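Have a look at the structure below before the remarks.
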Amino acid sequence: MTDEDDIREQLRKAEEEEKKRYAKERQKLHENPLGEEHLRRLIPKETDKEREARQEENRKTSPDFQKNNGFQPWFEVDSQRGLQWRRNVQRKIRAFLIHGSSYEWILWKMKRDMGIMTSTAKKIMEDAFEEEPEPEPVEGRPKKK
């Protein structure tokens, strides 16, 4: 073997030892129950009633509610369930659009007033933009144009 081959062999051995040492350190980290678990926040399980009560308390103490001097926000947040609630929100979205509000502003307003996620707000807005399809033609004579 030449000197060059000896150096390459030494470097390869050093590299393998370093990989083994690194693998052992990672293994120790995963074996340690306090490795990363103590950094995670524990989220307690809650029932629907407890969640509703917590959200109601958050609404009462939210800075947005206090900023509005006690006035309710434009979007109704009391009962965010059911098709009727969704239909009412879509009606308000259409009204904002008629009065010239931008898509981004309506999205911001929904997120601020209702505290919903962006993806949910976008889905509701997409549904509001849909137009009612034309009714299916009745069997018989074709329509006159």
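Observations on the structure shown:
- Pairing residues of the stretch 115-134 that are over 18 Å from LEU97 (Cα atoms) with residues that are in a helix (DSSP H, G or I) and among the acidic types (Asp, Glu), at Cβ distances under 9 Å and at least 6 apart in sequence or on separate chains, gives GLY115/ASP64.
- For the stretch 46-67, residues that are exposed (fewer than 10 other Cβ atoms within 10 Å of the Cβ) and either in a helix (DSSP H, G or I) or at pLDDT below 80 (or both) total 5.
- GLU36 modelled with pLDDT of 85 or more and surrounded by 10 or more Cβ atoms within 10 Å (Cβ to Cβ): no
The values are calculated or read from the model by the stated rules, or taken from the named source; none is laboratory data. In this text the structure is predicted, and so the values were computed from the model without any measurement. Virtual Cβ from ideal backbone geometry, glycine too; neighbours counted across all protein chains shown.
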